[in-house]
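Comments concern the structure below.
The values are calculated or read from the model by the stated rules, or taken from the named source; none is laboratory data. Model, not experiment: these values are computed from the prediction. Cβ placement follows ideal geometry from the backbone for every residue including glycine, while neighbour counts extend to all protein chains displayed. SASA here: full protein model, heavy atoms, side chains in, ligands and nucleic acids out. Shrake-Rupley method; radii C 1.70, N 1.55, O 1.52, S 1.80 Å.
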Amino acid sequence: MNISYRWVLDVAPGIDLNPEEAAERLALRGAPVEEMTDLTTGLGDVVVGRVVDARPHPNADRLTLCRVAGRGGEVSVVCGAPNVRTGAFYPFAPVGAALPGGFKIGRRKIRGEISEGMLCSERELGLGPDHEGIMRLAGAHEAGMSFVEAVGLDDVRFAVEVTPNRGDLLSHVGVARELHPLGQAGIALPPFPGQPREPTPSFARGTEESGAGGVRIRIEEPELCPRYLGAVIRGLTVGPSPRWLANRLRAAGARSVNNVVDATNYVMLELGQPLHAFDLEKLTHASVGIGRARPGEVLTTLDGEERSLSPEMLLIRDAAGPVALAGVMGGENTEVSSGTSAILLECALFEPRRIRIARRALDMSTEASYRFERGVDPASLETAVLRAVSLILSVAGGALDGAVIDVCPTTWAPPIVPLRPSRVGRLLGVDFTPDEITRLLAPLGYTVARREKDALEVRIPGHRSFDTLREVDLIEEVARTHGYDAFPETLGAYRPGTVPDHPLFQLEDTLRRVLVADGIREAQTPGLGSAEDGDIPLLNPVSAHESHLRRDRLPGLLAHVERNMSRGVRNVRLFELGTGFTPVSGSAPAESLRLAVVLTGRRAPVHWSAPADPFDVFDAARILVLITETAFPGGRVAPTDVGGHHFVPGRCYALMDRAGKVVGTGGEVVLARLDLPPWAGIVIGVEVVLPGCPEPLPEVTARVLPHQPSSRRDVAFLVPFATSVGDVLAAAKAGGGALLEDVSIFDVYEEDGLAGARSVALRLRFRARDRTLRTENVENAFRRVLRKVREETGVEPRG
């Protein structure tokens, strides 16, 4: 939102802040200023010049030789504009002045006459498109004074960041409310230059239909348009806006169109209420209806585009058809032009969701829709329409014909939200009395309707009625007004929560710790991909490369590998926790939490002391084992020949949960699917579907280290290649019972003489925490291990 600093000062004269202080105050109130632009840039050297004498150039028919009084006395200036008049005031750039765009004024001889400066046009000053004539300044001025001060251009433009819930900040009054010490009470709308003295208009009110000035207005959809006001102005003259109005709009980043359109834009920027003017003579039968679009209706909007309409959209129509898309843009068929002499001024309240639907469907966004979507002030419609009428009458002439039409099917009542001071203290950590809360909320327009011991009933003002709906919203307002920087820096007393984190969040945190400890870094990739990466298309894709919801997370990490390799980075270790989407017939897509890992390059940095081996397929098995131990108690990892979409068949492993269901795969990635340089090695990938409801982590407990000694037994099994060593380990753990503390492999031996088998040596460690084990205890547990391995796998001890 572009805000003119001078405009803010005009609507709230009591603000005693310079631009930097105002920007800091807005940031503390939750509306940071992204950029500050000094509008005097490039105009500091320009002064007001008074033409003392103007006569034809002696050597050129189309030039004028002038004597101009400026800051340093009178100088001779050659001018080519036809509108120079003796005694008038103009912007004057003396010798040495630099104009916008870097053009520097020098002393020149033009057709034999010396010119010591230049009288400037709007275009030369960067203030408008007019280049035909010199910019004449209205009124009397002091020759030599600063041009920007004389015409009110000494201003600063703020680019304020406004969050979607703060539609009240989309106006100069809304920003002034945040800056003035008294808030709402400090707002005083200034009168317009040349404002006529008119009697206070009356209102022709009706619940569904009303009329005045020869115009009838009817609301057909009360739930979509709760209120519609119209004012008929006749006898006006459409033309260029006066200088002050054009300058005011320009300072706020808006361009001047004509005096009528500029008046509606002025009120919108001042109060936040969009308005629209219809050429009354172009409205068929001078009637207006507000209702849904009918199938097949089309409207050519003011931007010249023909738009097909649907029943979800709200229209303004006359007796012949659509004349405006409600809350978005007017129609070309009723546009105000230079020949317009009578208008119907619209000021309405539209349902925000309906405006958002139309804007998205037609892919068009306007200043009006931007405000209506966020909700405009229901209580300020009368102020806005009367303000606009007054401004139009002062800049375009004419007169108000009859009463202001007011059709209001539903009377708006301010919502009331309960607020407990005790709750304010618990949330903010600082206690506030009811009087303090009332004092903090009052500047923002909130009033206390009822007050009890620990309960306030707060009446919400119209400009905040769309986003202040709960008690916590009011507590946020208390914090904002008190000042976030005013809260103590130290933590007060608090009670830690007793509700544990959800098991899924615990699992994510644990997996992050395990993988980071293994030297793998977390990455985040977009959840969108091409049609090859997903099965669920988007209705409104950003691009062909992001047209579907991703099925897996691994492709995003593989794209990072390609990107790193293209920049010469060989060693890549990344993991990602993200969502995968699969289609479900007749329902919303199914979502599952995925863990993906990619490894490529070398396991360790290159060093002269030892070779650094590259990653291989066994690293995929190792990562899957880490994930199994963390996320799938009772699960196991085994080789598989099913590579699926990403992996080389026969060069991958499967992760199976306790029930034997395959929930993840890892292995060597098919390099043909990647765009890698010739020197790239193999790429290892892992993709696992994590459980939706994992088992909660056990409570953290501490116990004394064992005082009893352990007893160790080593045994070598002759394991056929067709038998998984993991099954042997699982059987050994199950057979050892409570006395078996640890099982580990310490040797693997293979040679041709073993006849299709390998020797796997296990080290078993037995210990009892409450006593010293006897030899028979260890031997009995050891025999149970051998028996369990034989029963489960058929493997016998070697020799």
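Some points to look at:
- Seen from GLY291, the other residues with C-beta closer than 9 Å to its C-beta sum to a net charge of +2, counting Lys and Arg as +1 and Asp and Glu as -1.
- Each of the peptides 537-546, 174-183 was scored by the mean count of other Cβ atoms within 10 Å over its residues; in descending order, highest first, they stand as 174-183, 537-546.
- Whether the stretch 308-421 is rounded, prolate or oblate, judged on the alpha carbon gyration tensor where a/c under 1.5 counts as rounded: oblate
- Charge sum, other residues only, whose C-beta stays under 12 Å from ALA757's C-beta, Lys/Arg counted +1 and Asp/Glu -1: -2
- Taking a sphere under 15 Å around the Cβ of ASP747 and counting the other residues whose Cβ falls inside, with K and R at +1 and D and E at -1, yields a net charge of +2.
- Between the residues ILE392, PRO242, LEU26, the greatest Cα displacement towards the positive end of the dipole of the chain, with unit charges on the Cβ of Lys, Arg, Asp and Glu, is found for LEU26.
- As a fraction of the 1.4 Å probe accessible area of the chain, surface on carbon and sulfur atoms comes out at 50 percent.
- With Cα atoms defining each centre, the stretch 366-409 and the stretch 178-238 are spaced 4 Å apart in the structure.
- Farthest towards the positive end of the charge dipole of the stretch 564-683, among the residues PHE632, GLY660, TRP679, is the Cα of TRP679, using unit charges on the Cβ of Lys, Arg, Asp and Glu.
- Protection proxy ranking, peptides 401-409, 18-26, 769-777, average beta carbon neighbours within 10 Å, highest first: 401-409, 18-26, 769-777
- FRET efficiency for ARG470 and THR383, using Cβ-Cβ distance with R0 set to 30 Å, rounded to 0.05: 0.60
- Tilt relative to the chain, helix 381-396 - C-alpha long axis, 0 to 90 degrees, to 10: 40 degrees
- Taking every alpha-carbon pair under 8 Å whose residues sit at least 6 apart, the chain reaches a relative contact order of 8 percent.
- Answer label for P(r) over Cα pairs in 20 Å bins from 0, in percent (calculated), chosen among (1) 15, 47, 31, 6, 0; (2) 12, 28, 28, 20, 10, 3, 0; (3) 12, 25, 23, 16, 10, 7, 5, 2, 0: (2)
- Only Cα pairs under 8 Å and 6+ residues apart enter the sum, and on that basis the relative contact order of the stretch 190-346 stands at 25 percent.
- Between the helical axis of 725-736 and the longest alpha-carbon principal axis of the chain there is an angle of about 70 degrees.
- Under 15 Å from the Cα of LYS104 - aspartates and glutamates, other chains or at least 8 residues apart: ASP45, GLU116, GLU124
- Taking all protein chains into account, the per residue accessible area for the stretch 416-549 stands at 61 Å² (1.4 Å probe).
- Adding -39500 (n - 2.57) for every DSSP H run of four residues or longer, then dividing by how many residues the chain holds, sets the calculated 222 nm ellipticity at -7000 deg cm²/dmol.
- Since only GLY42, VAL8, SER115 are under comparison, the one whose Cα sits farthest along the positive direction of the charge dipole of the stretch 1-137, derived from C-beta charges on Lys, Arg, Asp and Glu, is SER115.
- Pairs of Cα atoms nearer than 8 Å and 6+ residues apart set the relative contact order; for the stretch 667-791 it is 28 percent.
- Helix axis angle, 554-566 relative to the chain longest principal axis, alpha carbon, degrees: 80 degrees
- R0 of 30 Å, Cβ-Cβ distance TRP412-GLU457: FRET efficiency to nearest 0.05: 0.95
- Once the 1.4 Å probe is applied to the protein heavy atoms, the stretch 563-629 comes out at 54 Å² accessible per residue.
- Residue range of the chain that is longest and free of chymotrypsin sites (Phe, Trp or Tyr not before Pro) which are both DSSP loop and sparsely packed (at most 11 other C-beta within 10 Å): 1-493
- For the stretch 153-311, the solvent-accessible area with a 1.4 angstrom probe is 41 square angstrom per residue.
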